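Reviewing the structure listed below.
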Amino acid sequence: MFREIVTMKRVLLAFVIAMTPLPGMAVGPAGSSDRPLLMAGKHTLYQRVLSIPGARLAPTAGGKAASEVIPFTAFYVYARKETGGKEWIEVGTDRYGTRAGWLPAAECIEWNSGLTVAFRNPAGHDRVLLFRDSDSLRRLAGESNLKTYKRLYAEALQGQPSADSPVVAIQPPGYIDIREDFYLVPIHRFEDVYLGSEKARLLQVSSVPLASDAGAAGKTGAGKHAYTAGLVFVIDSTLSMQPYIERTRKAVSTIFDTLGKADLLGQVNFGLVAYRDNLSAAPGLDYLVRTYVDLDEGGDAAGFLTRLKSLRDASVSSRDFTEDAYAGVKQAIENIDWSGHDARYIVLVTDAGARDADDPLSSTGLDAERLRQMAQQKGIAIFVLHLLTPATMPDQAADAQQYRRLADFPGIGSLYYGVPTGDVQEFGKVLDALAGQITEQVRMASTNRQVPAAAPATDNTQLAELQAKVEKLGYALRMRYLQKAEGGQIPSVFDAWLLDRDFTDPSRTTLDVRVLLSRDQLSDLSDVLTQVLEAAEDGLMSPQNFLSELQSLAATATRDPELLGATTTTTAGAGNSLADLGFMREYIEDLPYTGEVMGLSLNDWQSWSTQRQIAFLNGLEEKIGYYQALHDHTDLWVSLDGGPVSGDSVYPLELEQLP
């Protein structure tokens, strides 16, 4: 198994690892024959399993397999039986006695928690090692034995483990984005340990492929497609922005010439979105946001440059020195078709701050963090070229902080550049450097070059830092492209143990925690959270009941999202929330990770200032907006049966996005 995984060089290794939420609250007698089996030591949580690809149902234990099951179908466990030396499991589609048939235990994965993990980008850090057993990993962590660790790591990189190596797998090279190459890492069990002075966790996980080898080949294609990049300019087109619009046109014209000479036309497409501000504040602005060129149209130089030439700055002033920049970025994320582009970039050009989520004139209701997450869910990197003109000087520090957050890219840093005094010449130099690097990266990928050409020397420290980040980002994107283009085997099912922190840098977490929700479940979560907030705002809840509602909602989403809408007092009737029924502890006690609200107490809440409480409530309202935006992004959802996006399609939601 080890060789099968770690010797695949430049190949997309799809760790498709089954998510494992626990069953839900009992609604009938625990011993009733029409109820699933309870988990060991639990009074309210049922046993559940997940089918692996290729699993087939049989009418009886040991019987002839009949219908094939859709991979990752969730079943409740009604009975276990050993027949012919094999364990069989009787499964049902719900908790009310609807049985589906029998599955071999080998074709199922036990669900031990509602949490799944996604590997972080290993660029600049060690990749995660997966161990055969917990004892060897626990011992290595407890001793902080760097010498042994480095030997095991070197062997894993070479794909040649020693006879006594406890390592069975290694995280794939490069960054596999869970939003584009869907995989899940369920947590079966966990143990708390210390790595140096840092508290860490050992996690037991299982890996199964999402699709067959043939399916995987069909997804990536038999041959290598040409590496493509999409770059969408989002330009502030309010008064005084015309010089920057013209300089952008010049930069793009130069890029088209370069692409033509290198015979790469069609491999870098450009888009153009212009924004102004809320028309109710300044009707003369003509529009809030407008798409001038989409990526399909932006592969043609003449067409793009003609449309860009038609873009003029506004003839009237906006209300103040804050504009709705987020409306332009949101338009570029949602309304531009990014499919078919291996590298995806937005370049925001602005001289003013953005209207934040709490601004009455904001059209999006989103803050920088939510917008950044929406972009990253589509694999889009956001660059911000912030023109620090004298007119906006009083607000520049706050605006810069806002845009640095928007432009932050995991593992890379913030792709923000502040142009002193809004100097048009410096703006042009930065734009030329940025666009030139992206063009060079396309050339490199097309010629299979691995080492980038050195960036031109510059005494501009800020530009040098940005170029270094662009180089690092481009390398990661090219490696992902090469991995996809090569195709490769998908590993078989296996169990393993991993550490959730970097062995050589214990302060660094190596993974993110997520919860798998269906599209319908996300909609239910949004509806229930809205009702809870409305009830709280209408004064129908005490602070303690409000916190209990939120905790019930978060616990249900983590353990058994099928019960969303039925485990809070607000939605299910008085006395029926998890907290009221005393089930909260059972839902939370075995989880290795919990969200912020689960640990929040009434004393904590009452000790907060009014300002902090309001900020907390605003954060919940922003999450509702985020749920709606995510729900509407149909290209982000994965249909496990290979069909069209539906209410059953799934998405791995970040744990911190739960209420």
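The values are calculated or read from the model by the stated rules, or taken from the named source; none is laboratory data. Computed from a prediction, not measured in an experiment: that's the story for all the values here. Don't worry about glycine lacking a Cβ; one is built from the backbone with ideal geometry, like all the others, and counts go over all protein chains shown.
Within region 351-383, the set of residues being β-branched (V, I, T) and either in contact with a Gly (Cβ under 9 Å, 6 or more places away or on another chain) or assigned by TED's automatic domain parsing to the domain that holds L653 (or both) comprises T364, I380. Would you confirm whether any residue within region 355-368 is touching a residue at least 24 places away in the same chain (Cβ under 8 Å), of a type outside the set (S, T, Y) and assigned to a helix (DSSP H, G or I)? Yes; the residues of region 355-368 include at least one that is touching a residue at least 24 places away in the same chain (Cβ under 8 Å), of a type outside the set (S, T, Y) and assigned to a helix (DSSP H, G or I). Right, G84: at positive phi and either surrounded by 20 or more Cβ atoms within 10 Å (Cβ to Cβ) or modelled with pLDDT of 80 or more (or both) or not? Yes. Looking across region 377-399, the residues that are buried (at least 17 other Cβ atoms within 10 Å of the Cβ) and part of a helix (DSSP H, G or I) come down to Q377, T392, Q396, D399. Against the conditions (1) loosely packed, with under 15 Cβ neighbours inside 10 Å; (2) farther than 26 Å from L202 by Cβ, Y78 satisfies every one except (1). Note on region 276-296: residues that are within 17 Å of T248 (Cα to Cα), assigned to a strand (DSSP E or B) and touching a residue at least 40 places away in the same chain (Cβ under 8 Å) amount to 1.
Take the residues in region 154-171 that are in a helix (DSSP H, G or I) and hydrophobic (A, V, I, L, M, F, W, C), then tell me which one is modelled with the highest pLDDT. The selected residue is A154.
Within region 114-137, the set of residues being within 26 Å of E82 (Cβ to Cβ) and crowded, with 18+ Cβ neighbours inside 10 Å comprises R132 only. Number of residues in region 399-420 that are among the small types (G, A, S) and at pLDDT below 90: the value is 2. When region 75-112 is filtered for residues that are free of Cβ contacts under 8 Å to residues at least 40 places away in the same chain, within 22 Å of R559 (Cβ to Cβ) and in a strand (DSSP E or B), only F75 remains.
Kindly indicate whether any position in region 552-571 is of a type in the set (A, V, I, L, M), within 24 Å of V650 (Cβ to Cβ) and modelled with pLDDT of 85 or more. No, region 552-571 has no match at all.
Is region 618-627 home to any residue that is among the small types (G, A, S), surrounded by 15 or more Cβ atoms within 10 Å (Cβ to Cβ), free of Cβ contacts under 8 Å to residues at least 60 places away in the same chain and not in a strand (DSSP E or B)? Yes, that holds for at least one residue. Inside region 249-275, residues that are part of a strand (DSSP E or B) and of a type in the set (A, V, I, L, M) make up a count of 4.
Here is the figure for region 523-554: residues that are within 23 Å of P592 (Cβ to Cβ) and either in contact (Cβ under 8 Å) with a residue 40 or more places away in the chain or assigned by TED's automatic domain parsing to the domain that holds P410 (or both) total 6. Checked against (1) assigned to a helix (DSSP H, G or I); (2) modelled with pLDDT under 85; (3) more than 28 Å from the chain's Cα centre (by Cα), E246 passes all but a single condition, namely (2). Does at least one position in region 286-300 carry a residue that is on the phi > 0 side of the Ramachandran plot, out of contact with any strand residue (DSSP E or B) (no Cβ under 8 Å at 6 or more places or on another chain), surrounded by fewer than 17 Cβ atoms within 10 Å (Cβ to Cβ) and charged (D, E, K, R)? Checked against the condition, which is being on the phi > 0 side of the Ramachandran plot, out of contact with any strand residue (DSSP E or B) (no Cβ under 8 Å at 6 or more places or on another chain), surrounded by fewer than 17 Cβ atoms within 10 Å (Cβ to Cβ) and charged (D, E, K, R), region 286-300 yields at least one hit.
Candidates in region 304-318 are the residues that are modelled with pLDDT of 80 or more and either hydroxyl-bearing (S, T, Y) or not in a loop (DSSP other than H, G, I, E, B) (or both); of these, the one that is nearest to G230 (Cα to Cα) is F304.
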